[in-house]
Amino acid sequence: MKKLTSARNYLIQRIGIEMPFDSIPGSWFAENGLPMIVRCTCCESTMAMPSAFVDYDTGETYCSSCAGATED
């Protein structure tokens, strides 16, 4: 069973990086070694990383539709 959380929560809890609020410059992603755009594991659509949901155990990313737009 997937344990999904927002990308923001995943970064804080698993990687120790706090994502800024408001608009995030592309340089922030580069400075932190993170992708700005990620692909949904389920439907393969792409999205900005801040809007993704992440499987807490595997690190796989999901769009809000495939995630059911909920967090555990």
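The values are calculated or read from the model by the stated rules, or taken from the named source; none is laboratory data. Please read these numbers as outputs of a predicted model, since none were measured by experiment. With ideal geometry, Cβ positions are generated from the backbone for all residues, glycine too; neighbour counts draw on all protein chains shown.
Sort out which residues of region 1-35 are among the hydrophobic types (A, V, I, L, M, F, W, C) and touching a residue at least 60 places away in the same chain (Cβ under 8 Å), and write them in order of number. Explain how you work it out, then say what you get.
The initial filter retains those residues of region 1-35 that are among the hydrophobic types (A, V, I, L, M, F, W, C), namely 1, 4, 7, 11-12, 15, 17, 19, 21, 24, 28-30, 34.
Correct list: 4 only.
Per the listing 33, 68, the residue uniquely exposed (fewer than 12 other Cβ atoms within 10 Å of the Cβ) and under 16 Å from residue 3 (Cβ atoms) is 68.
Results for (1) within 13 Å of the chain's Cα centre (by Cα); (2) within 17 Å of residue 11 (Cβ to Cβ), shown as yes or no for each residue.
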site: 28; (1), (2): no, yes
site: 31; (1), (2): no, yes
site: 41; (1), (2): yes, no
site: 60; (1), (2): yes, yes
site: 68; (1), (2): no, no
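Considering (1) out of contact with any helix residue (DSSP H, G or I) (no Cβ under 7 Å at 6 or more places or on another chain); (2) modelled with pLDDT of 95 or more; (3) outside any helix (DSSP H, G or I), the lone condition that residue 21 does not fulfil carries the number (2). For region 43-58, the set of residues classified as part of a loop (DSSP other than H, G, I, E, B), among the hydroxyl-bearing types (Ser, Thr, Tyr) and under 19 Å from residue 14 (Cα atoms) consists of 56, 58, listed by residue number.
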